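The values are calculated or read from the model by the stated rules, or taken from the named source; none is laboratory data. Owing to the predicted nature of the structure, the values given are computational and were not obtained by experimental measurement. Virtual Cβ from ideal backbone geometry, glycine too; neighbours counted across all protein chains shown.
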Amino acid sequence: MDTPAERLRRFREDKGIGSGAELARRANIPEATYRAYEAGRRPLTARAAQQLAAILECPWQRLLFGKDDAAETAEEASVALGQRVSRRPIPPPPVPRAEVVDVAGQPVALIPLYDAKASAGHGADVDGEVVLYRVPFREEWVRGITQSPLEQLALVKVDGDSMEPTLRQGDKVLVDFGQTRPGRKDGIYVLRSDDGLQVKRIQTNLASRTLSILSDNPLYEPLRDIQADMITVIGRVIWLGRQVGS
C-alpha cells in the first residue's frame, strides 16, 4: 500500500532533491521531524504536507492521500486523518526561485513558468502557484534587461485578446516582480484584481498623479484617472515569447 512516507520519498527523489536534510531546510521543517515523516515513524500532518508540497511542486493532498481531491483545506484533511487541527495560520508557500546552471561553460538561469494566466481581457482566475516547468535564459542576457534579483522573475501565460496585436493568446511573458510602481516608466504590467490577474498597458499622468489603464486592442475601453492606490501592480512585463505561426 502506498503510504505518505513512500510518496514523500518518491516525490523528493523525482524532484532531484538528494537528501531529506536538503528538503527539510528548504521547507523550513526541522530535519529530525522530516526524517521521521519519511521513515514513517511520525504521521505526516496537513500543515507539513503543504509546506513540503510547495517545494516539491505537487498538490499537498497528493502527499497525504495519494489523490488531489481528497480535501479542500488543511483543517478538513486533519479531521479526516484524525489529527489535531492547527489553528495557526499556514505560512504562504515560498516563491520558486530561478536556478542557475552551467551549460557549456556559460551560466544559464532557469526561470519558472507558473500555472497561472494573466488575462488580456476582463480578468482570469489564478490557477495556482505550481511551476509547470522552467525556461532557460542566458544569465548575462537577463542581467542586461533588469537589475532585479533572479528570484523576482517568473513567466506566465497571456489569456485573452485585449492586448492584441502586442500580446496574443498563449504568449508567454517574463514578469519582473521587482517593478511594481509605474511612476515615470510607462509600460505593460500585470495587475491583480478581484477576477485574478490582468496584463495591461499603464500610462502615468504626472500632472494629476493618476494612471490610465489601456488595452492595445481598440475594442476595449480605457480606464483613465485611476488613483495608484486603487490598483495592485504585481510586476512589469519585460519580455515576451511567441510560437511562430500562432
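Considering each of GLN198, GLN179 in turn, give the residue that is within 23 Å of the chain's Cα centre (by Cα) and either within 15 Å of GLY241 (Cα to Cα) or in a loop (DSSP other than H, G, I, E, B) (or both).
Details: GLN198 fails: either within 15 Å of GLY241 (Cα to Cα) or in a loop (DSSP other than H, G, I, E, B) (or both).
Just one listed residue meets the conditions, GLN179.
Checking GLY18 against (1) surrounded by fewer than 15 Cβ atoms within 10 Å (Cβ to Cβ); (2) of a type in the set (Gly, Ala, Ser); (3) in a helix (DSSP H, G or I), which test does it fail?
Failed condition: (3).
GLU31 - would you say it is of a type in the set (Asp, Glu), surrounded by fewer than 19 Cβ atoms within 10 Å (Cβ to Cβ) and more than 19 Å from PRO112 (Cβ to Cβ)?
Against the criterion (of a type in the set (Asp, Glu), surrounded by fewer than 19 Cβ atoms within 10 Å (Cβ to Cβ) and more than 19 Å from PRO112 (Cβ to Cβ)), GLU31 qualifies.
Give me the residue from the stretch 207-246 that is of a type in the set (S, T, N, Q) and within 24 Å of GLY178 (Cβ to Cβ) and, out of that set, modelled with the highest pLDDT.
That would be SER212.
Looking at (1) under 24 Å from VAL142 (Cα atoms); (2) of a type outside the set (S, T, N, Q); (3) assigned to a strand (DSSP E or B), which is the only condition ARG192 fails?
Going through the list (1) under 24 Å from VAL142 (Cα atoms); (2) of a type outside the set (S, T, N, Q); (3) assigned to a strand (DSSP E or B), ARG192 breaks only (1).
Which ones in the stretch 2-22 are at pLDDT below 90, under 22 Å from LYS67 (Cβ atoms) and touching a helix residue (DSSP H, G or I) at 6+ places or on another chain (Cβ under 8 Å)?
If the condition is that a residue be at pLDDT below 90, under 22 Å from LYS67 (Cβ atoms) and touching a helix residue (DSSP H, G or I) at 6+ places or on another chain (Cβ under 8 Å), then PRO4, LYS15 are the ones that fit.
Quick one: in the stretch 116-143, of everything that is assigned to a strand (DSSP E or B) and modelled with pLDDT of 70 or more, which residue is surrounded by the most Cβ atoms within 10 Å (Cβ to Cβ)?
PHE137
In the stretch 221-240, what residues are loosely packed, with under 13 Cβ neighbours inside 10 Å and either in a strand (DSSP E or B) or outside the structural domain of ALA207 (by TED's automatic domain parsing) (or both)?
ASP225, GLN227, THR232
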